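Heads up, the thing below is written out as structure tokens.
The values are calculated or read from the model by the stated rules, or taken from the named source; none is laboratory data. As the structure is a prediction and not an experimental result, all values here were calculated from the model. All Cβ positions, even for glycine, are placed from backbone atoms using ideal geometry, and neighbour counts span all protein chains on display. Remember, those area values only see protein heavy atoms, side chains included, never the ligands or the DNA or RNA. Shrake-Rupley method; radii C 1.70, N 1.55, O 1.52, S 1.80 Å.
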Amino acid sequence: QVQLVESGGGLVQAGGSLRLSCAASGGTFSSRSMGWFRQAPGKEREFVAAISWDGASAMYADSVKGRFTVSRDNAKNTVYLSMSSLKAEDTAVYYCARGRYGSVRPTNVDYNVWGQGTQVTVSS
């Protein structure tokens, strides 16, 4: 079974940047889409971004369009989330997830393997 491990979270000032990484091991990666989700305290987990198996397609939540970029390196079994112009409302635990399919999907049910999450805190 594939395992996902996120890294790169931390504390950053508003307007700053961070890059999250998600390394996959032990299973299928390169043929599946990958997604990023986040969950803020007291809120439901929400979709952030997704990328197709080959990196040709990406999808973003409206709240992060133009500020976040998702990418992947199938040779390294790693997916990335580059975040810039960070806002206080981006504060959350960020999770990567492996899709059930190769195409991009924005909903939780389309993902069947999840990482443990990494905390991103944006100070205003």
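How many of the residues in segment 22-72 are in a loop (DSSP other than H, G, I, E, B), of a type outside the set (D, E, K, R) and open to solvent by less than 70 Å² (accessible area, probe 1.4 Å)? Adding up the residues that qualify gives 14. So, of the residues in segment 82-97 that are in contact with a Gly (Cβ under 8 Å, 6 or more places away or on another chain) and buried (at least 20 other Cβ atoms within 10 Å of the Cβ), which turns out to be nearest to Lys65 (Cα to Cα)? Selected residue: Leu86.
To keep it simple, each residue is scored yes or no on (1) touching a strand residue (DSSP E or B) at 6+ places or on another chain (Cβ under 6 Å); (2) modelled with pLDDT under 95; (3) under 21 Å from Arg19 (Cβ atoms).
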| residue | (1), (2), (3) |
| --- | --- |
| Met34 | yes, no, yes |
| Glu44 | no, no, no |
| Ile51 | yes, no, yes |
| Ala58 | yes, no, yes |
| Arg72 | yes, no, yes |
| Glu89 | no, no, yes |
| Val93 | yes, no, yes |
| Gly102 | no, yes, no |
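The C-beta contact set for segment 61-82 (first residue more than 13 Å from Phe29 (Cβ to Cβ), second residue open to solvent by 50 Å² or more (accessible area, probe 1.4 Å) and of a type in the set (Gly, Ala, Ser), distance under 7 angstrom, 6+ apart or interchain) comprises Arg67/Ser85; Val70/Ala58. In segment 1-21, the qualifying residues are those that are of a type in the set (Ser, Thr, Tyr) and within 17 Å of Asp73 (Cβ to Cβ), and the one that is least open to solvent (accessible area, probe 1.4 Å) is Ser21.
Looking at (1) touching a Phe, Trp or Tyr at 6+ places or on another chain (Cβ under 7 Å); (2) surrounded by 21 or more Cβ atoms within 10 Å (Cβ to Cβ), find the lone condition where Val79 falls short. Here Val79 meets the rest and fails (1).
Beta carbons closer than 7 Å, at least 6 apart along the sequence or on distinct chains, pair a first residue in segment 1-18 that is of a type in the set (D, E, K, R) with a second that is open to solvent by less than 20 Å² (accessible area, probe 1.4 Å) and not in a strand (DSSP E or B) for Glu6/Gly115; Glu6/Gly117.
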